[in-house]
1. Would you calculate a helix-derived [θ] at 222 nm for the chain, using -39,500 (n - 2.57) for each DSSP H run of n ≥ 4 and dividing by the full residue count, to the nearest 500?
2. Could you state the angle between the C-alpha long axis of helix 136-146 and the longest principal axis of the C-alpha atoms of the chain, as a value from 0 to 90 degrees rounded to the nearest 10?
3. Could you tell me what percent of the accessible area of segment 117-270 is made up of carbon and sulfur, with a 1.4 Å probe and every protein chain present?
4. Could you list the square roots of 5 times each eigenvalue of the Cα gyration tensor of the chain, that is, the equivalent ellipsoid semi-axes, sorted largest first and rounded to whole Å?
5. Per residue, how much accessible area does the chain show when a 1.4 Å probe rolls over the protein heavy atoms, in square angstrom?
6. Cα-Cα pairs above 23 Å in segment 120-210: how many percent?
7. Taking 0.36 nm per residue of sequence separation and subtracting the Cα-Cα distance, how much length would be gained by fully extending the chain between residue 97 and residue 78, in nm to one decimal?
8. Show 38, 56 ordered by accessible area, largest first, where the area counts protein heavy atoms only and the probe is 1.4 Å.
Amino acid sequence: MDTLTFLIDRYDGVNSWRQRYEFPYRPGMTVLASLIHIKERIDPTLNFTASCRSAICGACAVRVNGNALLACDTMVDDLLTVWGEGALVVSPLGNAKVVSDLVVEWSEKIERLRLARPGLHAKPEFSAEKGCRQSPKDMQAVARQWDCILCGSCASECNKLTDSEKDFLEPFVFTHAARYAGDSRSADPLRHVEGMLENGLWKCVHCMECVSKCPKHIRPGEDIAAMRHMAVEAGHTEGPGPRHAEAFRTDLEKTGRLNEVKLVPRTEGMFSAATKRLPFTMRMFAKGKLGVLEAARLFVADNAPVENIDGLRKVIAPERKES
């Protein structure tokens, strides 16, 4: 292949368009090197952000063919292996306000990061004189979260944010909250968790795009799960989220199968389920997705236990293994 083709989404503050750029192909080029070539040799009006060129600062994150990545850390050759030798579509990060071309607004997201209270409130035994040390094992427990470079790739692909950011935070905010909540030196871990409870901790839809797209291999989905566990252990068990989780656990421990007919009433309450979910339930009946007799049976009785249910129970509740 002699020529590379980039289709870049442009925006000048008023108008949006997609512009085609063709330039000589050179093996070993990164996406960022390609963008710099375009800006320096073809079109100086193209705007994007970049800084370290070492996958440390996170400034150069963009979307290529609808997937967030770090431009400086992604080889064009690897993209061609995945997508073939056609044009590569380069766009700004998703779930963000576009300022110009590939440049997105970050001030609002940084303000939302404050909700995680990103700062260590150390235990009384630590001081400026004695220091604030921890064991290697305790450090490793939060080392992964410390690698977050705030590139925004996780937020770009988050399906819950795409649906609504009014009741959910960027995945990296949850990671930063988990980083301090899980730090062995923290005097009050729940001060970080409680801020997340009020801002969508139980509303993650488990799409795991934040996990698969993170260039630093951080797992915000696991951080959300860990803080949910901390919240429940601390007594925050009210609300649809905790009740939904408990309904799942109850069904799996009892039978190994989820009873979806009972799931909504146990999560939202019988009255709420009847008023809010009835139209949806009727559509399911009409489309043949749910049989009336089967639904009635499951509402009265549970499924029969799956084979080897005792093994599943030991996985779900290992502390009950000897009981």
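1. -12000 deg cm²/dmol
2. 60 degrees
3. For segment 117-270, the apolar C and S fraction of the accessible surface comes to 53 percent.
4. That gives 42, 29, 19 Å for the three semi-axes.
5. Per residue, the chain has 56 Å² of solvent-accessible surface.
6. When every Cα pair of segment 120-210 is considered, 32 percent fall beyond 23 Å.
7. 4.0 nm is the gain from fully extending residue 97 to residue 78.
8. From most accessible down to least: 56, 38.
The values are calculated or read from the model by the stated rules, or taken from the named source; none is laboratory data. Because the structure is predicted, anything quoted here is derived from the model rather than measured. Heads up, the Cβs are rebuilt from the backbone with ideal geometry, glycines too, and the neighbour counts pull from every protein chain shown. To get the accessible areas, we keep the full protein, side chains included, count just its heavy atoms, and leave off ligands, DNA and RNA. Shrake-Rupley method; radii C 1.70, N 1.55, O 1.52, S 1.80 Å.
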